[in-house]
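Coordinate-derived values only; no laboratory data. Quick caveat: nothing in here was measured; it's all calculated off a predicted structure. A quick note on method: Cβ atoms are made from the backbone with ideal geometry, for glycine too, and the neighbour counts reach across all protein chains shown.
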Amino acid sequence: MGTIFLFIGAFISGCQEKPVSTRQLEADPDPNSLSAMVNIPLDEHGNVDESKVARIIFDTLVYDFGTVNEGDIVDRTFGFTNTGAVALVLFDAKSTCGCTVPEIPKQPIPPGERGVLGVKFNTTAKTGTQSKTVTVVANTYPTETKVILRGEVIPKPKE
């Protein structure tokens, strides 16, 4: 009989909740999005453990391309540094418009090292004041960082 209680006690203690060491970013409304799938390491108190998170610091978050003609391609690189304690991995970069195409580095960026995010904006059929946002998803906290291209596109003369 004592063996049964010992077994049940071991079973119950084995089923108790263990401290959570990672969590998903709750702010993303879509639990299937890539940013919601990035695990954020927590310390024993449930706070973000910044010693286990990369940190991306862009040289600038906004690039004003000034005035260009419709049909021009605005080609910009956004330089950044990983100021975190672990390698920075960019999982994805997306724009709300197919006219703006980001390109992320394929390799992890070690702590203290620099990288670049390439962005190309095709101004064809985009005239007037333009503002294009690119959202970068990485192993950072928060998981998303936004950069912006903005400027004025002058329409082609009518023939």
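Taking the range 88-101, which residues are over 17 Å from GLY151 (Cβ atoms) and within 14 Å of the chain's Cα centre (by Cα)?
LEU88, VAL89, LEU90, PHE91, ASP92, ALA93, LYS94
Count, please, the residues in the range 73-87 that happen to be without any contact (Cβ under 8 Å) to a residue 60 or more places away in the chain and either over 12 Å from GLU103 (Cα atoms) or within 15 Å of the chain's Cα centre (by Cα) (or both).
10
Would you pick out the residues in the range 74-109 that are closer than 23 Å to GLU152 by Cα, among the hydrophobic types (A, V, I, L, M, F, W, C) and surrounded by fewer than 15 Cβ atoms within 10 Å (Cβ to Cβ)?
CYS97
What's the total number of residues in the range 110-126 that are over 23 Å from the mean Cα position of the chain (by Cα) and surrounded by 14 or more Cβ atoms within 10 Å (Cβ to Cβ)?
2
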